[in-house]
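Asks: Got a structure for you, questions after.
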Amino acid sequence: MRTRTLRFGLYADEQGLAWVSALVEQAVAGSGSARIVDSGVARTFHGSELSTADVYDILEEQWAWEHPGQRSGARESVELRVRLACSLRAWRRIRKSVIRTLCPEGRAPHACRVPWFAS
């Protein structure tokens, strides 16, 4: 097994970040063949001096569009990084599961609980 990284750009407050982290943990636990090696929240973009606010600025705009008139509160653009020990197949399955749960698809207009970007 190799170490692989899941990276999600998020526009979230502490509660939103905890919710997304729990989604990842559930997906990993449900895979049966992966384990979390390390996880953390970054405020600079991987391999760059750019801030996550600069890279994921579209997420703040998405929040404003989907929640007109609501204050964003303590939300900020961050990147959740989770290192997994798993096969490529398990990594893909876990990533797909998390993405599906973050914002379920559907034809009806909806707003994501936490605006996100999978990188």
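Read the figures in this text as sums done on the coordinates, not as results from a lab. From a predicted model like this one, the values you see are computed outputs, not experimental measurements. Virtual Cβ from ideal backbone geometry, glycine too; neighbours counted across all protein chains shown.
Asks: Test of understanding: what is the full-extension gain from Q15 to S39, defined as 0.36 nm times their sequence separation minus their Cα-Cα distance? It would help to have the intermediate numbers written out before the result.
Replies: Details: separation 24, 0.36 × 24 = 8.64 nm, distance 1.65 nm.
Gain on stretching Q15 to S39: 7.0 nm.
Asks: Still on this model: What Kirkwood radius, in Å to one decimal, follows from the Cα pairs of the chain?
Replies: Value: 14.8 Å, from the Cα pair sum.
Asks: For S31, what is the net charge nearby, where nearby means another residue's Cβ is under 10 Å from its Cβ and Lys, Arg count +1, Asp, Glu -1?
Replies: Working: positive: R35, R89, R93; negative: none.
Surrounding charge for S31 is +3.
Asks: Hey, another quick one. Which value in nm describes the separation of the simple spin-label points at C103 and D57, placed 7 Å from the Cα toward the beta carbon?
Replies: Taking the simple label geometry, C103 and D57 are separated by 1.9 nm.
Asks: Continuing with this model, one more query. Looking at the chain, which Cys residues are left with no other cysteine's beta carbon under 4.7 Å from theirs?
Replies: C86
Asks: Relative contact order of segment 2-118: what whole-number percent is it, with Cα pairs under 8 angstrom and at least 6 residues apart?
Replies: Values: 190 pairs, mean separation 54.1, N = 117.
In percent, rounded to a whole number, it is 46.
Asks: Excluding L59 itself, what net charge comes from residues whose Cβ is under 15 Å from its Cβ, given Lys and Arg +1 and Asp and Glu -1? If you can, show how the numbers build up before the last one.
Replies: On the way: positive: R7, R43, R75, R113; negative: D13, D54, D57, E60, E61, E66, E76, E79.
It works out to a net charge of -4.
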